[in-house]
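Quick notes on the structure that follows.
The values are calculated or read from the model by the stated rules, or taken from the named source; none is laboratory data. All values derive from a computational prediction rather than experimental measurement. Methodologically, a virtual Cβ is constructed for each residue, glycine included, from the backbone with ideal geometry; neighbour enumeration extends over all protein chains shown. Side chains are part of the model used for accessible areas, which takes the heavy atoms of the whole protein and leaves out ligands, DNA and RNA. Shrake-Rupley method; radii C 1.70, N 1.55, O 1.52, S 1.80 Å.
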Amino acid sequence: MPQDPRQLLIDGLRNAHAMEVQAREMMERQIGRLDSYPDVRARLQTHLRETETQLQHLDTCLAEFGESNSTVKDTTQSIMGNMAALAHTVMPDEILKNTFANNAFENFEIAAYKSLLSLADLAGAASCKPHLEASLKEEQAMAAWVDQNVDSITRSFVRVAEAA
Ligand code: MG
Ligand code: FE
């Protein structure tokens, strides 16, 4: 059965809401275990606060279509589940695995928001776009931070391992 762009945008917004709930869980889990990596923890705490705002942006867009908060079902997408599972792993090198997972997750989010912006265009949902653009910028900043810090995090990991 054919679906109009408006319905496809609503579905996309719901999926993004589930994605952000997953992001929040991943970051909360990591923040509790980052005593040896205060810079990473500080950046994750900042992005966790941004993520709360991103959820509000999505709620605002959904509300414009008469979709209330309570109708949002946060179904886990398998790819996100896999990345979250990776971030679960308690291993000596979990800081590295979490960094790889964060790199993947932030880039997943970038693609999701770009796609939502296209859908908002096609659905004529102009008022939704500033919300999506604000979140996209935050995901791009976070992805850039992870990318720029792979080297320093790895070097810190080696220092921690050598001191253990
Ligand atoms: Mg996000
Ligand atoms: Fe993010």
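Numerical summary
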| read-out | value |
| --- | --- |
| Pair list, Cβ < 6 Å and 6+ apart or interchain, from region 6-20 residues that are among the polar types (S, T, N, Q) to residues that are part of a helix (DSSP H, G or I) and crowded, with 23+ Cβ neighbours inside 10 Å | none |
| Of all residues making up region 13-26, the number that are open to solvent by less than 10 Å² (accessible area, probe 1.4 Å) and either in contact with a Pro (Cβ under 8 Å, 6 or more places away or on another chain) or within 13 Å of ligand 2 (Cβ to nearest atom) (or both) | 5 |
| Count of region 51-63 residues which are more than 15 Å from ligand 2 (Cβ to nearest atom) and surrounded by fewer than 22 Cβ atoms within 10 Å (Cβ to Cβ) | 4 |
| Region 31-50 - residue that is within 16 Å of ligand 1 (Cβ to nearest atom) and open to solvent by 10 Å² or more (accessible area, probe 1.4 Å) and, of those, modelled with the lowest pLDDT | Ile31 |
| Test result for Ala141, modelled with pLDDT of 95 or more, under 30 Å from Ser36 (Cβ atoms) and open to solvent by less than 80 Å² (accessible area, probe 1.4 Å) | yes |
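Residues are listed down the side, and each one gets a yes or a no for (1) among the hydroxyl-bearing types (Ser, Thr, Tyr); (2) under 21 Å from Leu62 (Cβ atoms); (3) in contact with a Gly (Cβ under 7 Å, 6 or more places away or on another chain):
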position	(1), (2), (3)
Thr99	yes, no, no
Ala112	no, yes, no
Leu119	no, yes, yes
Lys137	no, yes, no
Met142	no, no, no
Trp145	no, no, no
Asp151	no, no, no
Glu162	no, no, no
